Structures are given as C-alpha cells and as structure tokens.
Amino acid sequence: MSLLSVHNLTVHFGGVAAVDDVSFDLRAGEILGLIGPNGSGKTTVLNLLSGFLAPRSGRVRMGDDDITGLSANRLAQRGALRMFQMTRVFSRMSAFDNLLTAGLARGVSERESQRRAEALVDELTLGPVQFLDAGQLSGGQRKLLEFGMCFIEPPRVAMLDEPFAAVHPVMREVMAAFIRKRHAQGSTFLLVSHDMPIIVDLCQRAVCMNAGKVIAAGDIHAVLKDHEVIEAYLGETPDGDAVPSLELTDSPREQP
Amino acid sequence: MTARRQLWSDRLRFDMGAALAICAALALVPLFVSGPYALGIILVSIYFAIIALGWNLLAGYTGQFSLAPAAFAMIGGYTTALLGHYLHVPLALGIPAAIVSAALFGWVLGKLVLNLSGPYLSLTTLAFAEIARVVIGNSHEFTRGDQGMHVATLTQSRIGYYYIFLGTLVAVLVLLYGLLRGRLGRFMMAVRDDPVGASSRGIDVVRIKMIAFCVSCALCGLAGSLYGTFSQLVSPELGLLQQTGLVLSMVVIGGMSSLTGALLGALLVYLSSEWLRGFGDVQIIVFALLVILFARYLPGGLWGLAARLLQRGRA
C-alpha cells in the first residue's frame, strides 16, 4: 500500500527545471532509495516533500491526505520527518535537550520525552556526550542525534538526506543498525545516498534521478543495472562493452 | 569520559536562584541606603532590568535582534499617560492597558519583520523605533510633544516605589522562568539556534517569534508605564536610541540568554553610568567599548564567567 504518492512534481529555479515531472510511490514499511548523480534533484525532491519548497505543479499525497504545499512544521506534525545532509541541531542546547525538545515539538509529554530520550541516547551510543552542547559534537554524533530527534516520536515517513556521508564506519554501522531495527518495526524510509553498498544493503526498491527527471524506478538490483542509470553515474559506456552494475558487494558491515 | 549532567532545566534553575538572590539583596538595600537620590538610582536600574529581561527574551533566547526596546517602554508610558489625560482612566487600568498596547504594537512589528533576520530585522525595528519616537515628539496637540505628559503616581513614597519596582521585577522573573522552563522556552531557543531545524521538528517558527515579540514588548511597556508613574512624566526621551544602546550593553555585558545576566548587567551598567557622569559624557563610549570587548572575548558576559566559576567550585 502506498504511503506517499508523488505525482508529476515540478519545480523550476530561474528557468531551469530542477525537478521535472517526477512521480513515484513510497510504500508503507519499505526503505526506498532515492539515488542519482550530484545535481540530479534528489535534495530538491526532499525539500518539496518536507515542506521547504512549494512545487510549481504536481501533487503529493500521504495516505488519503493531499499534503502538497504544507509547511515544514505541519508536515512534521503529521509525521513526515526530515534529516538534513548538513545537520540541523540546536547547537546551544545539550544533546539530551535536543532530544527532549524534539519530543515536545511532536506533542509528547515532558516525562515521556525524557524516558524516550534516555533510551535513544543509549541506542545511538551518545551517552558520553549527551550533556555537551550539540554544537560541540562531531559531525557523526550530530547525525546520530538527528536520527534520535526524528524518531523520538516514530514518524510515518522518515526522509534521510545523505545520512552516511563523511561519517566514520563505526557510526555508519550504528546508523544502519538503527534503520534496520526501525524498518523491522514497520517504519518507512526515503533514503537519499551515494553510498551504493548501503543502499543495496538497506533498500528493496530505488528511484534514480538525473537532470531533474526520474530515469529508472523499481527493484534496487534492476535499477543499478539499468543502462541509463550507469550512464548517468559513469558517463557513456563504450559500445560493445558488457553493461556493468553499480551494485557493489563490499558492504561496510563486512569490512574488518 | 562522560560530561557532567548539565541540562537546560538545571541551568535555568541555577540562573533563577542567582537572580532571586540578587533580588533578595536588593530588598535589603533600603536598610542601608536611605538617601532618595541613591535609592532612585537603584530604582531606575531596576526599571532598566525589566526592559533588559524583556529584550533578552527576544534577542537572547529567541535570536530576534530587535532595536526597539526603549520605543516599547515609551509606548507603554504614553498609553498610561494618554488614557489618564484624556479618559481619566485610573492607573489600576492604565498600567495593564500599557502592557496590552505594547504587546499589540509588538505583534504588529512582529508581523512586519516575520521573514527578516539578522541586520534586516534590526534595521526594520530601529526604523520603527525612530518613527514612533518622532511621531510622538511631533504630535504636539495630542501628546504635548517634547514637553512630555504628566502621569498620576501610585504613591509619593520613594521606598514604596522601590518595593513596587522590586516586586514587579520578581514577578517578571517568575513569569520568564515559567515560560522558559516549559515547551515555549525550549521552542524559542530552538528557533534561535536553527529556525529551519526547528520547523523540520514540528515547531511553528512564526508563532514562536510572534509570542516572543509580544511578551518582550509587553514587559518593556510595563516598565515604561511604571517609570512614567514614578517620575510623573513621560516624554519622547524614553524612546531614545541611546536608551536602547544602554539596554543592549546591559545584556551583553551581564550575559545574553540568562536571567541573572540581564539583571546583573542592568544594575552594574546603570550604576556605573551614574558614576561615569562625573567624567563628562563618556558613558556611551565606555559601554560601546565594553560591548565590543565582551562580544569578542566573553560572549557569555559576566554571568557566564561567574556561573562557570561557581559551578566549577561546586563540582
């Protein structure tokens, strides 16, 4: 069953179609990969879906509701939560207070937010830094903190923008384990990443964009073998060469 | 190594405790200071402390750097004066009316600057403050212009006024503590730290900014109204940019985003400005230099430094 339906979404920046007639479905309980080379429009799609940008045309539905053009805070209240490539934490509050504030913002009581924050601190290995101001945390710790802020009240859909970029492999595995666990509990994810091993590991399906358009969508393995997808990532393949796959097998989990 | 437990609620409780301790010390001042002039100076510094606390809520806790706190004190003062003069409204209604009127003007200004930030927001509030002052100063038939307007007084007793101001200061501190320790306070700080991040977590950034503007301006209006009844006169001088500069210096020197910082800063800066009077018109130069030095080397202000030392001592 489709949780998020995107229909013919289009947005222009100064005459350039940054997102051009994009349509796809995000099914309830799946992890959908949104991939594509730099500048293909992935983050713009996330901005549209999380209320930071209004589309020129097209519709977005979440369940039975039309959520096109709703503001970011209203979407968050409805359970469409967003993580940013450049983390957005409250730098002059402690990490623990960031979690508490995120819980209160979603309407969770103070006592319950505190209980959940304590559990998330443990799960995300943030214990040693929980009372430091978030501005003092490393980039990876901030990303973990953002995971916690998204999940202090389980979202209907979590949209993650490059969560694994420039993160230490150990923390990357904490994040991947967090996603796997929440997915097993029924959470739905839209995952933007350039990290193909992790995309293959976590996602069942993928949508690939290039120059603002969807160029392939469907089973993750099929998408990564798609000729147009490979061309978008690697440039034109020489005639006669066997078409390779973008799929890589050396998942970080298997590294020593 | 795990960092020592230091949550917002702990910091705020410590901050409030220190602010109340200063108020307790202020309550004893009339036992030792009997001269009306000296008592009047401390009283005026409490007036500035209320404005500084109001401005700190907006600038320090919510990140909206308004340059109009003195203008809102003036608006509060004139509301009470005009209601008393034209409609014979008693002070029991005239003072609350000043709070409401300043909050309403704050709401209008908040609406105007909703999508502005940084220097654009500051310049717009500055323009508003100057327009308000010039309009009041030039409306001779209505406001008597630069001559100012007479305001009724609550009591002729200076000590009585001292305790009225001190009681108001404590009430303002309690109100701010209640506001800051709840959801609203946390959301204000979230908006200050990252408005985009705040809205992505479900916080209505526009609503939070509007509440901060209204409460901050209401507190300035209350201070202006009370001051008018104390001096029995309101004039456009209440809204001078120089007064806003003084409030800004108080908060930066005392410590932004802190109740004690604003209170301590107001007392120290106003008392030293009175002392500096003996050296000519040098106050603004001295405080401007101090603001530069504090902003550069001690962004937490005097209270930030003192709190660090006190907590290190307790650990």
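We did not get these values from a lab; they are worked out from the coordinates using the rules stated. Keep in mind the model is a prediction, meaning the values are calculated, not measured. Note that we place each Cβ from the backbone using ideal geometry, even for glycine, and neighbour counts take in every protein chain shown.
A compact table of results
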item: Counting DSSP beta bridges with both ends in the protein assembly as shown, the antiparallel % (nearest 5); result: 60
item: Other protein chain Cβ atoms within 10 Å, averaged over every residue that makes up A:110-118; result: 1
item: Inter-chain shielding of A:91-102 (mean C-beta neighbours from other protein chains, 10 Å cut-off); result: 6
item: Residue-averaged 222 nm ellipticity for the protein assembly as shown, from DSSP H runs of 4+ at -39500 (n - 2.57), nearest 500; result: -18500 deg cm²/dmol
item: Percentage relative contact order, the stretch A:2-254, counting C-alpha pairs under 8 Å, at least six apart; result: 25
item: Residues residue B:174 and residue B:135, FRET efficiency given R0 of 30 Å [Cβ-Cβ distance, rounded to 0.05]; result: 0.30
item: Cα-based reach from residue A:213 at 13 Å (exclusive), listing aspartates and glutamates while leaving out same-chain residues under 8 positions away; result: A:20, A:21, A:228
item: For peptides B:273-279, B:11-17, B:56-62, sequence by mean Cβ density within 10 Å, most packed first; result: B:56-62, B:11-17, B:273-279
item: Dipole of the protein assembly as shown, positive end: most advanced residue of B:191, B:223, A:147 [Cβ charges, Cα centre]; result: B:223
item: For A:68-78, mean number of other protein chain Cβ atoms within 10 Å; result: 4
item: Cβ crowding within 10 Å averaged over residues, with B:168-181, B:75-88 ranked highest first; result: B:75-88, B:168-181
item: Peptides B:115-128, B:220-233 ordered by average Cβ neighbours within 10 Å, highest first; result: B:220-233, B:115-128
item: Length gained when the stretch residue B:196-residue B:65 is fully extended (0.36 nm per residue, less Cα-Cα span); result: 45.4 nm
item: Charge sum, other residues only, whose C-beta stays under 14 Å from residue B:65's C-beta, Lys/Arg counted +1 and Asp/Glu -1; result: +2
item: Summed residue charge, Cβ within 14 Å of residue A:88's Cβ, Lys/Arg positive, Asp/Glu negative; result: +1
